[in-house]
RNA sequence: GGCCCCAUCGUCUAGUGGUUAGGACACCGGCCUUUCACGCCGGCAACACGGGUUCGAAUCCCGUUGGGGUCACCA
């Protein structure tokens with residue numbers, strides 16, 4: 001038998017007025033892989049663009065327990081990213097159930113049809129017997145093709161095998177000549193020899209069905225028109241086409257996406273190789289950033305999922321979902337030679353499968369960071385505050401419902417910070433604005449260089465303190481005018497006082513604009529910190545003298 | 001190993017026979033500046049290799065090399 005799928009390719013999809021339906025089918029593994037997100041995003045975009053539906057189907061198996069626990073992080077991840085599904089878990093729809101484990105009867109019915117049509121057969125071989133044939137073929141350096149020696153196509157044959165005490169699985173009776181042809185929407189025409197295909201098992205002795213059968217049946221049931229999935233599945237496509245055609249289904253259109261590769265390599269990005277990726281400087285920086293945020297929050301990250309390969313990581317440290325989406329969109333797809341910024345609407349409008357690149361794309365943490373930065377720059381003050389408040393609360397620096405005074409303070413702070421705060425967790429770099437009662441921790445080097453070393457630092461701070469006490473209105477512009485006049489009266493350069501002042505009131509060598517910093521801190525805090533600095537400097541000098 | 005896929009700056013990519021091979025990120029200079037960041041200006045940097053086809057190849061063909069995927073009673 002020769003099956004040529006090309007004429008049927010995408011028949012369902014091509015039918016006029018047929019709604020486009022795409023799907024993403026995660027296994028409940030407890031985490032959402034960044035590569036999976038990209039596949040889902042492409043499916044989602046394609047469906048939205050065509051006014052169709054995006055479906056989430058859960059490829060679980062019946063032996064898995066605790067489905068909910070393993071599924072929730074995945075669903076939450078998609079929700080956070082705004083990749084919503086029209087049908088699936090927690091949504092329902094006309095084609096449910098959306099869990100493979102609940103669809104067994106459908107698979108069994110399909111197997112029965114295949115058997116009846118002679119396109120599958122009961123096979124009474126044992127795993128060892130098939131393995132022996134495989135080994136034999138390998139020894140002779142020939143291609144392994146199952147002998148079908150334990151195939152039972154008649155009831156009599158079956159009874160004979162059963163009399164021997166054998167049990168049976170169901171195998172596909174795959175064609176052994178001809179070719180399977182289909183058009184891949186990303187890669188163009190594909191052609192595979194049927195003779196290279198095995199008689200794949202589709203049902204175990206205990207009656208449970210295997211993935212490929214389930215997959216094809218589900219896609220048919222869910223009226224999936226476009227199967228957009230990772231390249232790993234390309235080689236599986238012929239057998240799925242065989243199953244679909246054997247069952248009389250119209251074929252969906254296929255599109256195989258290149259995988260997301262490791263930073264700086266072409267290997268598939270894997271959750272398991274965190275240690276290896278950490279050696280990549282950019283990846284390491286990203287991970288370290290995450291660890292820093294966790295430390296500041298006093299949290300112990302889950303070693304299993306706190307990983308930049310997993311989408312939870314980004315949510316936990318304060319990335320914006322739009323940045324992730326935009327970055328992932330450009331990982332393997334481009335519109336033209338310059339457009340990089342896409343709103344959600346633009347993504348939907350412009351996405352197309354024919355501009356998906358064919359080769360794998362490495363995950364580049366530095367570029368993701370750049371998208372995050374750009375996206376953060378678009379936020380208005382309220383949104384920026386919103387982005388940070390969660391972290392302030394988790395750090396215990398503000399109440400769950402901050403007072404309006406506090407919100408105002410936070411807003412001014414974020415304004416002063418400007419683009420220094422790119423990621424939500426960045427706000428945690430500024431405890432000096434929140435833990436105002438605690439004594440400052442001075443950066444040793446800065447303290448030495450700006451306070452202790454210059455002979456004029458202490459006297460200047462001291463006399464500037466008098467000025468600050470007298471300032472009528474403790475706001476940035478007033479403070480600036482005041483400092484300028486102070487600088488003039490002292491006949492010094494502004495740098496001679498301002499660096500010392502910064503260390504004195506924040507403990508740090510670098511920070512926001514000086515006057516905004518003073519204003520936000522407020523007079524009492526500023527005066528107290530100058531006093532403390534003068535005191536601490538005195539002590540330091542005395543102890544180093546002795 | 002069989003089958004299949006892929007190949008442009010470090011990375012993401014544009015490019016479908018004629019371009020000084022374009023952009024972005026990163027990196028390196030400079031400017032701005034109270035520091036840092038931003039911003040601005042500038043710079044470094046690529047067609048894996050070898051054969052064809054052609055007046056002319058990053059672009060088309062063949063081969064080589066390299067990388068990857070897949071070959072389950074996993075999903």
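The values are calculated or read from the model by the stated rules, or taken from the named source; none is laboratory data. The structure displayed is predicted, hence computed values, not measured ones. Cβ: placed from backbone, ideal geometry, glycine included. Neighbour counts: every protein chain shown.
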Screening A:101, A:27, A:39 for residues that are closer than 23 Å to residue A:259 by Cβ and at pLDDT below 95 leaves only A:27
Checked against (1) part of a loop (DSSP other than H, G, I, E, B); (2) more than 42 Å from the chain's Cα centre (by Cα); (3) exposed (fewer than 12 other Cβ atoms within 10 Å of the Cβ), residue A:159 satisfies every condition except (1)
| query | Is there a residue in region A:287-307 that is surrounded by fewer than 18 Cβ atoms within 10 Å (Cβ to Cβ), under 22 Å from residue A:57 (Cα atoms) and within 15 Å of RNA strand B (Cβ to nearest atom)? | reply | no
Within region A:408-429, residues being in contact (Cβ under 8 Å) with a residue 60 or more places away in the chain and not in a helix (DSSP H, G or I) number 1
Within region A:249-279, the residues that are touching a residue at least 24 places away in the same chain (Cβ under 8 Å), within 14 Å of RNA strand B (Cβ to nearest atom) and out of contact with any strand residue (DSSP E or B) (no Cβ under 9 Å at 6 or more places or on another chain) are A:277
Turns out the strands (runs of 3 or more DSSP E) fully within region A:166-206 with at least 1 residues that are within 8 Å of RNA strand B (Cβ to nearest atom) are A:169-172, A:188-193, A:201-203
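If the requirement is being within 9 Å of RNA strand B (Cβ to nearest atom) and in a helix (DSSP H, G or I), which of these qualifies: A:214, A:244?
Selected residue: A:214, the only one of A:214, A:244 that is within 9 Å of RNA strand B (Cβ to nearest atom) and in a helix (DSSP H, G or I).
If I ask for residues that are assigned to a loop (DSSP other than H, G, I, E, B) and either touching a helix residue (DSSP H, G or I) at 6+ places or on another chain (Cβ under 7 Å) or within 9 Å of RNA strand B (Cβ to nearest atom) (or both), which ones from region A:359-381 would you list? Give the steps one after another, and end with the answer.
Start the filter on region A:359-381 by keeping residues that are assigned to a loop (DSSP other than H, G, I, E, B), which leaves A:359-360, A:363-364, A:378-380.
A:359, A:360, A:363, A:364, A:379 - these are the residues of region A:359-381 that are assigned to a loop (DSSP other than H, G, I, E, B) and either touching a helix residue (DSSP H, G or I) at 6+ places or on another chain (Cβ under 7 Å) or within 9 Å of RNA strand B (Cβ to nearest atom) (or both).
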(Q) Considering only region A:220-233, I want to know if a residue exists there that is modelled with pLDDT under 95 and buried (at least 20 other Cβ atoms within 10 Å of the Cβ). (A) no
Quick count over region A:107-150, residues being near RNA strand B (Cβ under 9 Å from one of its atoms) and either under 43 Å from the mean Cα position of the chain (by Cα) or assigned to a helix (DSSP H, G or I) (or both), is 12
Restricting attention to region A:303-357, the residues that are over 23 Å from residue A:79 (Cα atoms), part of a helix (DSSP H, G or I) and in contact with a strand residue (DSSP E or B) (Cβ under 9 Å, 6 or more places away or on another chain) number exactly 2
Log entry, pairs with first residue in region A:89-115 being in contact (Cβ under 8 Å) with a residue 12 or more places away in the chain and on the phi > 0 side of the Ramachandran plot, second being away from RNA strand B (no atom under 13 Å from the Cβ) and in a helix (DSSP H, G or I), beta carbons closer than 8 Å, six or more apart or on different chains, reads A:90/A:75
Pairs returned, first residue in region A:496-508 that is in contact (Cβ under 8 Å) with a residue 12 or more places away in the chain and at positive phi, second residue that is in a helix (DSSP H, G or I) and more than 10 Å from RNA strand B (Cβ to nearest atom), beta-carbon separation under 8 angstrom, 6 or more apart or interchain, are A:507/A:432; A:507/A:447
